[in-house]
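The values are calculated or read from the model by the stated rules, or taken from the named source; none is laboratory data. Since this is a predicted model, take the numbers as computed values, not measurements. Note: ideal-geometry Cβ built from the backbone for every residue, glycine included; neighbour counts use all protein chains shown.
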Amino acid sequence: MWAHDYTATTDLSPEQVWAALRALHTGELTYDGADTFELHGPFAVGTELDVTPVGQGTFRSTIVELVENERYADRTEYNGLTLLFRHTLEALDGGTRVTHRLEISGDAADAVGPELGPQISGDFDESMAALFEQAARLAMK
């Protein structure tokens, strides 16, 4: 298995961050540089969604974890690999700590992960900053 975590903090509440995360993954929110999502059913565990990263082809994922204001994860099967993307929100005094984790598992994960993983997770810092910006914007509405 190969894994990478990116963690950042914000003065936004978990509810405010969750609102943006949920809106993004349901396709209700789009912004420059963000992946686009098309949900095929309710925002719930077991629902499939199409994910289109900027400048890339679309792939199908399945929501595998969903705890409001705390955790969201989806899983993608790709060429014998399993890619698990998870956001974990932790309430802090006056803010939230958010960890975005990518796990790559499967028979070839140890060989492929060190190259593929950074290609996927290399923009997690920018993505998180943009998510926080959108969460702040939504909170002002």
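Where the second residue is hydroxyl-bearing (S, T, Y) and outside any strand (DSSP E or B) and the first is touching a residue at least 60 places away in the same chain (Cβ under 8 Å) and more than 13 Å from T88 (Cα to Cα) and lies in segment 1-29, which pairs have Cβ atoms under 9 Å and are six or more apart or on separate chains?
Once the first residue is touching a residue at least 60 places away in the same chain (Cβ under 8 Å) and more than 13 Å from T88 (Cα to Cα) and sits in segment 1-29, its partners that are hydroxyl-bearing (S, T, Y) and outside any strand (DSSP E or B) give H4/S121; L24/T30; L24/Y31.
Counting just the residues of segment 130-139 that are surrounded by fewer than 16 Cβ atoms within 10 Å (Cβ to Cβ) and among the small types (G, A, S), which one comes out modelled with the highest pLDDT?
Among those that are surrounded by fewer than 16 Cβ atoms within 10 Å (Cβ to Cβ) and among the small types (G, A, S), it is A136.
What single numbered condition from (1) in contact with a Ser or Thr (Cβ under 9 Å, 6 or more places away or on another chain); (2) under 20 Å from A109 (Cβ atoms) fails to hold for G80?
Of everything listed in (1) in contact with a Ser or Thr (Cβ under 9 Å, 6 or more places away or on another chain); (2) under 20 Å from A109 (Cβ atoms), G80 misses just condition (1).
Kindly indicate whether any position in segment 101-112 is in contact with an Asp or Glu (Cβ under 8 Å, 6 or more places away or on another chain), closer than 19 Å to L29 by Cα and at pLDDT 95 or above.
Checking segment 101-112: not a single residue is in contact with an Asp or Glu (Cβ under 8 Å, 6 or more places away or on another chain), closer than 19 Å to L29 by Cα and at pLDDT 95 or above.
Here are the criteria: (1) at positive phi; (2) touching a Lys or Arg at 6+ places or on another chain (Cβ under 7 Å); (3) among the small types (G, A, S). Tell me which single one S61 does not satisfy.
Going through the list (1) at positive phi; (2) touching a Lys or Arg at 6+ places or on another chain (Cβ under 7 Å); (3) among the small types (G, A, S), S61 breaks only (1).
Checking the structure you have, find out if any residue of segment 9-22 is in contact with a strand residue (DSSP E or B) (Cβ under 7 Å, 6 or more places away or on another chain) and either surrounded by fewer than 16 Cβ atoms within 10 Å (Cβ to Cβ) or of a type in the set (K, R) (or both). Please lay out each step first, then the result.
Let us first name the residues in segment 9-22 that are in contact with a strand residue (DSSP E or B) (Cβ under 7 Å, 6 or more places away or on another chain), namely 9-14, 17-18, 21.
Still in the running and either surrounded by fewer than 16 Cβ atoms within 10 Å (Cβ to Cβ) or of a type in the set (K, R) (or both): 9, 11.
Yes: segment 9-22 contains one or more residues that are in contact with a strand residue (DSSP E or B) (Cβ under 7 Å, 6 or more places away or on another chain) and either surrounded by fewer than 16 Cβ atoms within 10 Å (Cβ to Cβ) or of a type in the set (K, R) (or both).
To keep it simple, each residue is scored yes or no on (1) assigned to a loop (DSSP other than H, G, I, E, B); (2) of a type in the set (K, R).
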site: W18; (1), (2): no, no
site: A23; (1), (2): no, no
site: G33; (1), (2): yes, no
site: V45; (1), (2): yes, no
site: D50; (1), (2): no, no
site: R60; (1), (2): no, yes
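Among the residues that make up segment 42-54, is at least one of them in contact with a Leu (Cβ under 8 Å, 6 or more places away or on another chain) and within 19 Å of F132 (Cα to Cα)?
no
Does T88 meet the test of being out of contact with any helix residue (DSSP H, G or I) (no Cβ under 7 Å at 6 or more places or on another chain), at pLDDT below 95 and within 18 Å of A135 (Cα to Cα)?
No: the conditions fail for T88.
Check T62, T76, T58, T96 and return the single one that is among the hydroxyl-bearing types (S, T, Y) and in contact with a helix residue (DSSP H, G or I) (Cβ under 8 Å, 6 or more places away or on another chain).
Numbers: T62 fails: in contact with a helix residue (DSSP H, G or I) (Cβ under 8 Å, 6 or more places away or on another chain); T76 fails: in contact with a helix residue (DSSP H, G or I) (Cβ under 8 Å, 6 or more places away or on another chain); T58 fails: in contact with a helix residue (DSSP H, G or I) (Cβ under 8 Å, 6 or more places away or on another chain).
Exactly one of T62, T76, T58, T96 is among the hydroxyl-bearing types (S, T, Y) and in contact with a helix residue (DSSP H, G or I) (Cβ under 8 Å, 6 or more places away or on another chain), namely T96.
Yes or no: G33 loosely packed, with under 13 Cβ neighbours inside 10 Å, closer than 25 Å to A139 by Cα, in contact (Cβ under 8 Å) with a residue 60 or more places away in the chain and more than 14 Å from the chain's Cα centre (by Cα)?
Details: loosely packed, with under 13 Cβ neighbours inside 10 Å: yes; closer than 25 Å to A139 by Cα: yes; in contact (Cβ under 8 Å) with a residue 60 or more places away in the chain: yes; more than 14 Å from the chain's Cα centre (by Cα): no.
It is false that G33 is loosely packed, with under 13 Cβ neighbours inside 10 Å, closer than 25 Å to A139 by Cα, in contact (Cβ under 8 Å) with a residue 60 or more places away in the chain and more than 14 Å from the chain's Cα centre (by Cα).
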